[in-house]
Amino acid sequence: MSRSPMVVRTVPALRRAVDGLRARKAMIALVPTMGALHDGHVSLVRLAKRRAQKVVVSIFVNPTQFAPTEDFGSYPRTWKADLAKLAAEKVDLIWNPDVKAMYPEGFATRIVPEGPATAGLEDRFRPHFFGGVATVVGKLFTQCRPDVAIFGEKDFQQLRVVTQMARDLDLGVKVIGSRTVRERDGLAMSSRNVYLAPEQRQAAPELYRAMKLSAARLRAGEPADAVMAAGAELITAAGFALDYFEVRHAETLAPIASLAQGPMRMLVAAKIGTTRLIDNIAV
Ligand code: PAF
């Protein structure tokens, strides 16, 4: 049986634990999560282990990135299973603050990201989201003082936002993206997939299928407008209500119409029933 990683729940205890890791001159990697860990998170931890000697995983369901109408209350919380997974991966430290430890009474400072955070993708539908993410990730970086931090490419706009923030604020953390892990039928792994009813789960891989087909057509030189309109039809025909289905510049997230204009990323967000899924691929 694997030994349980050390778990800390207060900032002073975290500081002591990180000092201990640093004293041995180890490079530290942070994997920020909201728990409900699946194989996608495990792949982040494994990449972290390849990039640093010590791995810290944070588990914190961050209330400030949820709108009042969203699923903060019902977000899956699976502490025992998470701990077992992280023990099996031989993680060194788990940072698991409660809301009061992260946002003590009187907390009054926020990071307001611009640039990729205002690209008109997730921010158009979840205007509260990137302020909440940037603030908590900024705190996680200063609390854990990692050399590198690993984020999944599945939340592609989030990855761009935290990369920009780390650079802009000189946080001294190298942000590394990790490729999306998919179920056998192509559905991107997500903690929210547990919300899908069986028939929705069956339809869900259509998102990835539509993206792959559309990306192949773009690579073949077909015009982006027609390709994206046809892709959107496939997605809605599968039972989704589409928020967006777009191609953007992979670095800046600016609108882009052809591969000649730079590296391209295709991004989608759509609801099936009440569950909202996001996904993206490189074109
Ligand atoms: O991607 C997530 O799980 C969250 O947005 C993050 C980065 C842990 C911040 O709460």
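Some observations on this one:
- A 1.4 Å probe run over the protein chains yields, for the stretch 1-126, 53 Å² of accessible area per residue, whole-number rounding.
- For the chain, the ratio of Cα radius of gyration to the globular rule of thumb 2.2 N^0.38 Å stands at 1.02.
- Cβ-Cβ FRET estimate between Leu259 and Thr236, R0 fixed at 25 Å, reported to 0.05: 0.45
- Residue among Pro263, Leu213, Val181 farthest towards the positive dipole end of the chain, charges placed on Cβ: Val181
- Contact order relative to length of the stretch 9-155, as percent, for alpha carbon pairs under 8 angstrom and 6 or more apart: 37
- Measuring against 24 Å, Cα to Cα, the residue pairs Lys85/Lys271; Lys212/Lys271; Lys90/Lys174; Lys49/Lys154; Lys85/Lys154; Lys139/Lys271 contain Lys85/Lys271; Lys139/Lys271 as the ones spanning a longer distance.
- Sites listed here are GluC sites (Glu not before Pro) in the stretch 1-108 whose DSSP assignment is loop and whose Cβ has at most 13 other Cβ atoms within 10 Å: Glu105.
- In nm, spacing of pseudo-spin labels at Arg110 and Met27 (7 Å Cα→C-beta vector): 3.6
- Computed Rg/Rh of the stretch 55-108, alpha carbon atoms with Kirkwood Rh: 1.03
- Within the stretch 221-260, the proportion of C-alpha pairs whose separation exceeds 10 Å stands at 73%.
- Taking Gln200, Gln261, Gln65 as the candidate residues, the one with maximal mean-square fluctuation in a Gaussian network model of the chain, Cα springs under 10 Å, is Gln261.
- Distance (nanometres) between label positions extended 7 Å along Cα→Cβ at Lys100 and Leu169: 2.5
- When the alpha-carbon atoms of the stretch 1-56 are used, the pair Rg, Dmax equals 12.1, 32 angstrom.
- Computed from Cα atoms alone, the Kirkwood hydrodynamic radius reported for the stretch 149-283 is 15.6 Å.
- The stretch 245-279 versus the stretch 1-38: alpha-carbon centroid distance in Å: 34
- Value of Rg/Rh across the stretch 3-142 [Cα atoms, Kirkwood radius]: 0.97
- Rounded FRET efficiency, nearest 0.05, which uses the C-beta distance separating Met6 from Thr274 and R0 of 25 Å: 0.10
- Fraction of accessible area attributable to carbon and sulfur, the stretch 25-159 (%, probe 1.4 Å): 56
- Around Asp71: net Lys/Arg minus Asp/Glu count, Cβ-Cβ under 10 Å: +1
- Residue (of Met27, Leu196, Ala48) at the positive-pole extreme of the chain, dipole from beta-carbon charges: Met27
- For the chain, the 222 nm mean residue ellipticity estimated from helices alone, with every DSSP H stretch of n ≥ 4 adding -39500 (n - 2.57) and the total spread over all residues, rounds to -11500 deg cm²/dmol.
- Intensity falloff of the stretch 150-199 expressed as log10 I(q)/I(0), Debye formula with alpha-carbon point scatterers, at q = 0.15, 0.28, 0.31, 0.32 Å⁻¹: -0.52, -1.04, -1.15, -1.19
- Comparing mean-square fluctuations of Val56, Val162, Val18 from a GNM of the chain with C-alpha springs under 10 Å, the top value falls on Val18.
- Using bins of 10 Å that start at zero, the share of Cα-Cα pairs per bin across the stretch 90-223 amounts to 10, 29, 35, 20, 5, 0, in whole %.
The values are calculated or read from the model by the stated rules, or taken from the named source; none is laboratory data. No experiment lies behind these values; they were computed from the predicted model shown. With ideal geometry, Cβ positions are generated from the backbone for all residues, glycine too; neighbour counts draw on all protein chains shown. Ligands, DNA and RNA are stripped out before the accessible areas are found, and what is left, the full protein with its side chains, is counted by its heavy atoms. Shrake-Rupley method; radii C 1.70, N 1.55, O 1.52, S 1.80 Å.
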